[in-house]
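Before any comments, here is the structure.
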Amino acid sequence: MHHLFNTLISARWLLIVLCMLIGSAVWAESTPMKKGYETHKNAQAFIDTMVNKHGFEREYVVGLLKKAEKKPSILAAIARPAEKTKPWHEYRNIFLKEKRIQDGVDFWLAHQDILAAVQKETGIPANIIVAIIGVETRYGQYMGSYRVLDALTTLGFDYPKRGAFFTRQLEAFLLLTREQHQDPLTLKGSYAGAMGYGQFIPSSYRSFAVDFDGDGFADIWNNKKDAIASVANYFKAHGWQNGEPVAERASKAAQFPRQLLNIGSRPKTPANELATLGFAPLSRQPVSLKPAMALEFTGVNGPEYWLGYNNFYVITRYNRNKMYALAVYQLSEEISSAKRAAEAAVAAQPKRQ
């Protein structure tokens with residue numbers, strides 16, 4: 001009996017200790033680091049750059065880094081992007097759901113005057129702009145909840161694989177907040193520091209964000225005019241060809257050289273030359289003389305083959321993954337089709353007397 005009593009007491013204390021350990025782990029993840037980044041081994045070089053190259057006050061930069069917080073959840077998220085963990089047919093299903101298509105129609109109808117004006121000015125189709133915003137943030141519903149400062153310091157200083165890139169983005173972020181008179185402690189974005197409806201990283205913001213309504217601030221977070229125009233400006237600057245194709249389904253003959261599949265990022269071989277080698281469009285239209293890429297994706301029932309043209313390449317300037325570009329294109333087509341159907345249904349309704 002005494003032995004049993006001691007065993008029960010020991011088990012009780014073990015349970016208490018385990019609960020304390022688990023509680024400590026949860027607290028550690030959910031509680032911001034008390035120590036900022038101002039003493040990090042790479043911080044001094046960054047501070048010197050901002051002071052000597054860009055004229056920031058040293059105390060200001062040090063103060064910002066002191067308030068920056070390391071986010072372990074950011075490091076976990078960047079290690080498992082969907083583009084690298086899912087085959088095409090699963091990746092596609094993330095973005096081609098009926099609700100996202102319908103939400104795209106609703107977004108287009110709600111902002112069609114802005115979209116029409118931007119399309120007229122830039123030549124970028126409204127359905128492509130809507131699809132980008134739909135893929136990136138589900139039409140502004142999910143623009144990211146991390147402070148951009150925290151995201152970029154975490155990745156710039158504690159993600160060696162791409163630390164140099166994110167440190168440059170941190171540099172661009174402080175520059176844009178100074179240029180746009182914004183508080184760097186309040187702007188929010190994704191775990192990778194991408195911001196607003198179109199998820200611009202800071203360097204892209206500084207190069208392509210547009211103050212479409214002329215109020216002095218290119219507000220891609222809250223102003224849909226600026227956000228829509230900024231996405232369009234990005235595509236225009238990267239060479240979108242108005243009226244030209246994006247992609248089309250193709251077939252592959254057995255003799256087509258596999259080494260020509262999915263090569264590079266910019267189309268170089270004319271589509272008609274790919275066709276003579278055994279990679280031809282499924283449509284009965286004359287084969288294009290424009291450069292194209294021979295693309296293979298993992299579909300539900302086996303390989304899918306696509307020809308990707310210049311405008312497909314332009315979408316990859318937004319995100320270099322080819323699955324991303326195809327998802328944007330297919331979503332844009334589905335949204336256009338659903339919008340036409342909705343408008344036809346409205347037009348077919350009998351008019352009230």
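The values are calculated or read from the model by the stated rules, or taken from the named source; none is laboratory data. The structure displayed is predicted, hence computed values, not measured ones. When we count neighbours, we look across all protein chains shown, and the Cβ atoms used for this are built from the backbone with ideal geometry, even at glycine.
When 265, 251, 283 are screened for being closer than 23 Å to residue 327 by Cβ, hydroxyl-bearing (Ser, Thr, Tyr) and touching a Pro at 6+ places or on another chain (Cβ under 9 Å), only 251 passes.
If you go through segment 106-139 and keep only what is among the small types (Gly, Ala, Ser) and out of contact with any Leu (no Cβ under 9 Å at 6 or more places or on another chain), you end up with 110, 116, 117, 123.
Taking the criterion of being within 23 Å of residue 342 (Cα to Cα), assigned to a helix (DSSP H, G or I) and not hydrophobic (A, V, I, L, M, F, W, C), the residues of segment 83-116 that qualify are 93, 98, 99, 100, 102, 103, 104, 106, 112, 113.
Say we look at segment 47-82 and pick out the residues that are in a loop (DSSP other than H, G, I, E, B) and of a type outside the set (D, E, K, R); which of these is nearest to the chain's Cα centre (by Cα)?
Taking segment 47-82 first, the residues in a loop (DSSP other than H, G, I, E, B) are 53-57, 68-71, 79-81.
Subset that is of a type outside the set (D, E, K, R): 54-56, 68, 79, 81.
Details: 54: 28, 55: 31, 56: 30, 68: 23, 79: 15, 81: 11 Å.
That would be 81.
For segment 211-227, the condition of being within 12 Å of the chain's Cα centre (by Cα) and within 18 Å of residue 121 (Cβ to Cβ) holds for none of the residues. Surrounded by fewer than 20 Cβ atoms within 10 Å (Cβ to Cβ), of a type in the set (Val, Ile, Thr) and at pLDDT 95 or above, is that true of residue 105? Here the answer is no, as residue 105 does not meet what is asked. The single condition among (1) in contact with a strand residue (DSSP E or B) (Cβ under 9 Å, 6 or more places away or on another chain); (2) assigned to a helix (DSSP H, G or I) that residue 340 does not meet is (1).
Scan segment 108-123 residue by residue and report those that are buried (at least 18 other Cβ atoms within 10 Å of the Cβ) and of a type in the set (S, T, N, Q). Residues satisfying the conditions are 119, 122. Does segment 246-263 contain at least one residue that is buried (at least 17 other Cβ atoms within 10 Å of the Cβ), part of a helix (DSSP H, G or I), at pLDDT 95 or above and among the β-branched types (Val, Ile, Thr)? No: zero hits.
Residue 235 meets all of the listed conditions (1) over 18 Å from residue 128 (Cβ atoms); (2) of a type outside the set (Lys, Arg); (3) in contact with a helix residue (DSSP H, G or I) (Cβ under 7 Å, 6 or more places away or on another chain) but one, namely (1). In segment 162-189, of all residues being β-branched (Val, Ile, Thr) and without any contact (Cβ under 8 Å) to a residue 40 or more places away in the chain, the one that is farthest from residue 202 (Cα to Cα) corresponds to 186.
Scanning for something of a type in the set (Phe, Trp, Tyr), surrounded by fewer than 20 Cβ atoms within 10 Å (Cβ to Cβ) and within 23 Å of residue 91 (Cα to Cα), does segment 325-348 turn up at least one residue?
Quick first cut of segment 325-348, residues of a type in the set (Phe, Trp, Tyr) only: 329.
Next, from what is left, pick out any that are surrounded by fewer than 20 Cβ atoms within 10 Å (Cβ to Cβ): none.
Within segment 325-348, none of the residues are of a type in the set (Phe, Trp, Tyr), surrounded by fewer than 20 Cβ atoms within 10 Å (Cβ to Cβ) and within 23 Å of residue 91 (Cα to Cα).
Yes/no matrix, rows are residues, columns are (1) farther than 18 Å from residue 235 by Cβ; (2) of a type outside the set (Phe, Trp, Tyr); (3) surrounded by fewer than 20 Cβ atoms within 10 Å (Cβ to Cβ):
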position	(1), (2), (3)
125	no, yes, no
140	yes, yes, yes
147	yes, yes, no
151	yes, yes, no
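Residues in segment 228-245 that are of a type outside the set (A, V, I, L, M) and surrounded by 14 or more Cβ atoms within 10 Å (Cβ to Cβ): 230, 233, 234, 235, 236, 238, 240, 245. For segment 273-280, indicate whether the set of residues that are of a type in the set (Val, Ile, Thr), surrounded by 15 or more Cβ atoms within 10 Å (Cβ to Cβ) and at pLDDT 95 or above is non-empty. No, segment 273-280 contains no residue that is of a type in the set (Val, Ile, Thr), surrounded by 15 or more Cβ atoms within 10 Å (Cβ to Cβ) and at pLDDT 95 or above.
If you filter segment 134-161 down to residues that are of a type in the set (D, E, K, R) and in contact (Cβ under 8 Å) with a residue 12 or more places away in the chain, you find that the one that is farthest from residue 44 (Cα to Cα) is 138.
Applying the criterion of being aliphatic (A, V, I, L, M) and loosely packed, with under 15 Cβ neighbours inside 10 Å to the residues of segment 162-201, the residue that is nearest to residue 41 (Cα to Cα) is 164. Restricted to helices (runs of 4 or more DSSP H) entirely inside segment 117-208, those with at least 3 residues that are closer than 22 Å to residue 51 by Cα are 148-158, 163-179, 202-208.
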